[in-house]
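Worksheet for the structure shown next.
The values are calculated or read from the model by the stated rules, or taken from the named source; none is laboratory data. Note that the coordinates shown come from a computational prediction; the quantities given were computed from them, not determined experimentally. Note that each Cβ is placed from the backbone with ideal geometry, even for glycine, and that neighbours are counted across all protein chains shown. Accessible surface is based on the protein model in full, side chains and every heavy atom, while ligands, DNA and RNA are left aside. Shrake-Rupley method; radii C 1.70, N 1.55, O 1.52, S 1.80 Å.
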Amino acid sequence: MAVELANHIHEMTNAELNSTAKLRFTDKATQVALAKHPYLLCRKYLAHNPNLCEEARDILLAGKANSVKANLMIEGHLNHAPEKISELYFSMKRRGFGWWQRGIFARGHYWAHNDAVPNTPVEVLEDMYDSTVKDKHHYGTDRTLAAIISHPNATLEMAIRASTSENENLKQAGFARLIEIEKAKEK
């Protein structure tokens, strides 16, 4: 039946494509066929699938849609390749995005199927921190800054900068990260 479903992808309605993409039990052949399908929303849902196969992941990653790649990152499908996360971030930054979009690189999204944060590289975290500090007048930037500082890849220098902030929440996040770094040294 699995191969049969993959052979009938082109006959499905958009709602059926989306439902199949979301289904955790969708077989590999069908996932690959969905990854090749031109319907963007379907590919976005597929990128969120926690049981996404590597072949479908690679097809989605080779595409042009940054929104699909962001969904792959949010779900942890790019944690093995932090350089891909870096490429995605700087590609999105060149096209223009706001402080709130930077947050997905620090904490993922609340609707992600896993609890893991993206394996965002240090150079991205540092750029995010600097860019978000410049946007400080926007509502919610403090939460984004705290998420950046709380990220497991945040550096000692970033934590020190945050711990000296005038903003109490950011200062607390900086101190918490300093404690985490010190505990990691003791191990």
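Observations on the model:
- A single member of I160, I149 is open to solvent by 70 Å² or more (accessible area, probe 1.4 Å) and in contact with a Gly (Cβ under 8 Å, 6 or more places away or on another chain), and it is I160.
- Subset of the range 54-103 that is more than 20 Å from L34 (Cβ to Cβ) and small (G, A, S) - its residue that is modelled with the lowest pLDDT: G98
- Condition check for T144: closer than 23 Å to G76 by Cα, among the β-branched types (V, I, T), surrounded by 15 or more Cβ atoms within 10 Å (Cβ to Cβ) and at pLDDT below 90: yes
- Spans of helices (runs of 4 or more DSSP H) in the range 1-79 with at least 2 residues surrounded by 18 or more Cβ atoms within 10 Å (Cβ to Cβ) and in contact with a helix residue (DSSP H, G or I) (Cβ under 9 Å, 6 or more places away or on another chain): 14-22, 28-36, 40-47, 54-62, 66-74
- Residue satisfying all of: in the range 164-173; at pLDDT 90 or above and closer than 17 Å to T144 by Cβ; least open to solvent (accessible area, probe 1.4 Å) among these: A173
- Residues located in the range 80-89, provided they are loosely packed, with under 13 Cβ neighbours inside 10 Å and outside any loop (DSSP other than H, G, I, E, B): E83
- Selection count, the range 6-44, where residues are hydrophobic (A, V, I, L, M, F, W, C) and more than 17 Å from I59 (Cβ to Cβ): 4
Listed here are the residues, each with its yes/no results for (1) of a type in the set (S, T, Y); (2) within 22 Å of E126 (Cβ to Cβ).
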{"site": "A62", "(1), (2)": "no, no"}
{"site": "K69", "(1), (2)": "no, yes"}
{"site": "I85", "(1), (2)": "no, yes"}
{"site": "Y89", "(1), (2)": "yes, yes"}
{"site": "R94", "(1), (2)": "no, yes"}
{"site": "Q101", "(1), (2)": "no, yes"}
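- On the stretch given as the range 104-141, residues that are modelled with pLDDT of 85 or more, hydrophobic (A, V, I, L, M, F, W, C) and open to solvent by 50 Å² or more (accessible area, probe 1.4 Å) total 1.
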